[in-house]
1. Calculate the spin-label point distance for residue 116 paired with residue 209, positioning each point 7 Å from the Cα along the beta-carbon direction, and give it in nanometres.
2. So what is the diffusion coefficient of the range 3-86 in µm² per second by Stokes-Einstein at 37 °C and 0.692 mPa s, using a Kirkwood Rh over Cα pairs?
3. Order 89-100, 146-157 from most to least packed using the mean count of other Cβ atoms within 10 Å.
4. Around residue 108, what is the net charge, scoring Lys/Arg as +1 and Asp/Glu as -1 over all other residues with Cβ under 13 Å from its Cβ?
5. Tell me, what is a quarter of the convex hull surface for the C-alpha atoms of the range 132-215, in nm² with one decimal?
6. For the chain, with the dipole built from +1 on Lys and Arg beta-carbon atoms and -1 on Asp and Glu ones, taken about the Cα centre, which of 148, 166, 37 lies farthest toward the positive end?
7. Which FRET efficiency, nearest 0.05, do residue 128 and residue 39 yield, Cβ-Cβ r, R0 30 Å?
8. On alpha-carbon atoms, Rg over Rh for the range 47-121 using Kirkwood Rh?
Amino acid sequence: MRLKGKVALVTGAGGGFGEGIAETYAREGAKVCVADIRKAEAERVAKRIGGGAIAVACDVAKKADVDAMVAACAKELGGLDIVVNNAGTTHKNQSLLALDEAAFDRLYAVNVKSIYLMTLATVPALQARGGGSIINVGSTAGLRPRPGLTWYNGTKGAVNLLSKSMAVELAPMKIRVNCICPVIGETGLLEMFMGVPDTPENRARFIATIPLGRMSKPQDIANAALWLASDEASFITGVELPVDGGRCV
């Protein structure tokens with residue numbers, strides 16, 4: 001078990017990539033705090049993966065929620081070694097002139113402000129354990145943006161760059177920070193990213209831009225998150241890791 005004795009906090013773990021990461025971490029021996037804005041989904045995942053997992057409802061854009069979540073994790077699981085900032089949202093694929101201000105603000109609050117809030121809340125807990133691993137889920141959208149998702153692309157560009165800057169600043173504390181950059185994936189947000197109905201024909205248009213010929217799956221992202229959190233990656237920090245089937249080549 002590659003994460004035996006570790007405690008991990010995964011946001012947005014009530015489905016999609018986050019659920020895959022939480023399940024994989026539990027299977028590899030970690031105690032997992034399953035966090036999601038949807039309490040019922042967090043509870044569903046925590047119950048299914050077992051292994052001492054706990055479920056916490058949290059809006060990662062709200063400081064009070066984030067602080068309470070980290071406190072619960074420390075109290076119930078005994079500390080914190082791994083933080084996965086996976087929670088995120090998007091807007092419908094559309095003209096950059098069409099997004100209203102409220103949607104723009106929510107997008108940046110969930111995708112970017114959350115990294116700030118989570119860092120403030122989790123770094124002391126990681127320091128108390130002598131260091132740890134922070135994994136931010138960015139996107140290929142921040143490396144090779146698609147049209148129609150301009151404002152979303154901007155948030156993920158911020159996540160990608162923040163990860164590298166955090167890595168340098170937190171290295172003296174023995175806290176590693178890395179960023180996973182998935183390509184478009186088979187998750188609940190798929191239709192929003194495509195901006196069209198989820199049909200085989202529409203999927204084919206997007207898959208045509210991915211050399212390995214398919215979209216990403218939760219297990220693809222979970223495999224990368226497992227390696228980055230493990231001791232095997234103990235000398236890896238500041239990396240933007242595309243999990244993209246060659247999309248960014």
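A short reminder: the numbers here are calculations on the coordinates, not readings from a lab. The shown structure was predicted, so the numbers you read here are calculated from the model rather than taken from an experiment. A quick note on method: Cβ atoms are made from the backbone with ideal geometry, for glycine too, and the neighbour counts reach across all protein chains shown.
1. If labels sit at residue 209 and residue 116, their model points lie 3.0 nm apart.
2. 275
3. Working: 89-100: 14.6, 146-157: 20.0.
With the highest mean Cβ count within 10 Å placed first, the list reads 146-157, 89-100.
4. Values: positive: 106, 113, 156; negative: 101, 105.
Once positives and negatives cancel, what remains is +1.
5. Working: hull surface 24.8 nm².
Its average projected convex-hull area is 6.2 nm².
6. Of 148, 166, 37, it is 166.
7. On the way: r = 27 Å, r/R0 = 0.91.
That pair, residue 128 with residue 39, gives E of 0.65.
8. Numbers: Rg = 15.2 Å, Rh = 14.1 Å.
Rg divided by Rh gives 1.08.
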